[in-house]
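The values are calculated or read from the model by the stated rules, or taken from the named source; none is laboratory data. What you are looking at is a predicted structure, and each value in this text was computed from that prediction instead of being measured. In this analysis, Cβ positions are derived from the backbone assuming ideal geometry, glycine residues included, and neighbour counts consider all displayed protein chains.
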Amino acid sequence: MQPAKEESDVQLYHVLGAKQFTRSALDEIFEISGSMERIVEKGGSDRYKNKVMTTLFFEPSTRTRLSFESAMSRLGGKVIGTENAAQFSSTIKGETLEDTIRVVSGYSDIIVMRHTEIGAAERAAAVATVPILNAGDGAGEHPTQALLDLYTIKKEIGRLDNLHVVMVGDLANGRTVHSLSYLLANYQNIHISFTAPENVQIPPYVKKYLDDKGITYEEEYDLTRAASTADVIYQTRIQKERFTSLDEYEKASGKYIIDAELLGVMRKKSIILHPLPRAGEISVQVDEDPRAAYFRQAQNGLYVRMALIEKCF
């Protein structure tokens, strides 16, 4: 007699931040992500044909919104929502986020939300009667992006321990960097180099979390030096929309660019990641290099978000 299949001991309801994930939870999500790749190759599934996802995006998005919508569609579900909730929802009439979530919960089985304010996902989860998936909250976190980033590293390099990761660009406002740093803290022998203009350095609260987890890091201003020993270079855009003045933006813009010259000092088996969109910080001539993994990274977002939907249901 075959033993009964054990249920997962990794529970997941809301996806609010990267700190909620343990190493065992990450292992399971990545295993499910691999199975989702095979489902996509076979033309999708109808397992959630009676489920509805609502996408509430108070900030612009291309990859995150469309990959979530594609993920739900490929699992047989339906999608409703708005890509400009700040303008085309009752928020413009003065409705609170909490009231919006209370109402939308009644229409949905799961809600994916991007918001301008740090902590908005937690506020939504406090009143929601369905799972909330944080698709980015201001300059705070972007946990689903970090999950797909980590999945990409695992696929491309073959390991998640013993890595030197160089994070480049707007590290103060870069929510993807914050979330990825928290996820990397689950692994062994991780060293992070933070390479950023002086006015957009990594926040102290991220460094404190890494200190508490025993992760070594440095603030390295020389990208060439950091890149020469990197396994992963994680480039990010200088986010003009996050700056309070044009002067501050111009202090940070254009300082660190990945180009053919930098490729020459990188390891042969290293990879370049970027959460996209890019705005000149990776030269297009880099795209043909096999180490340029950012478009494969974006594709992986579909599989990881399918896996998250699966776990939340």
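Quick notes on this structure:
- Of all residues in the range 52-78, exactly one satisfies the criterion of being in a helix (DSSP H, G or I) and touching a Phe, Trp or Tyr at 6+ places or on another chain (Cβ under 6 Å), namely Arg65.
- Residue match in the range 157-167 (condition: among the small types (Gly, Ala, Ser) and either closer than 27 Å to Tyr48 by Cβ or under 19 Å from the mean Cα position of the chain (by Cα) (or both)): no
- Selection within the range 161-176 - outside any loop (DSSP other than H, G, I, E, B) and either of a type in the set (Asp, Glu) or modelled with pLDDT of 95 or more (or both): Leu163, His164, Val165, Val166, Met167, Val168
- Filter pass, Arg242 being modelled with pLDDT under 95 and farther than 18 Å from Ala146 by Cα: yes
- Filter pass, Ser193 being without any contact (Cβ under 8 Å) to a residue 40 or more places away in the chain and in contact with a helix residue (DSSP H, G or I) (Cβ under 6 Å, 6 or more places away or on another chain): yes
- Candidate set: the range 226-242, residues that are part of a helix (DSSP H, G or I) and small (Gly, Ala, Ser); chosen: the one surrounded by the fewest Cβ atoms within 10 Å (Cβ to Cβ): Ala226
- Check on Leu160, in the same structural domain as Ser253 (by TED's automatic domain parsing) and among the hydrophobic types (A, V, I, L, M, F, W, C): yes
- Residue within the range 214-224 that is in contact (Cβ under 8 Å) with a residue 40 or more places away in the chain, outside any helix (DSSP H, G or I) and in the same structural domain as Ser283 (by TED's automatic domain parsing) present: yes
- Against the list (1) modelled with pLDDT of 95 or more; (2) outside any loop (DSSP other than H, G, I, E, B), the condition Tyr48 fails is (2).
- Only residues that are within 19 Å of Glu141 (Cα to Cα) and either surrounded by 14 or more Cβ atoms within 10 Å (Cβ to Cβ) or touching a residue at least 24 places away in the same chain (Cβ under 8 Å) (or both) were counted in the range 196-213, giving 10.
- Entry remark, the range 243-289: residues being surrounded by fewer than 17 Cβ atoms within 10 Å (Cβ to Cβ) and not in a loop (DSSP other than H, G, I, E, B) number 9 in total.
- Test: residue in the range 192-202 that is of a type in the set (Gly, Ala, Ser) and either at pLDDT 95 or above or within 18 Å of Lys154 (Cα to Cα) (or both): yes
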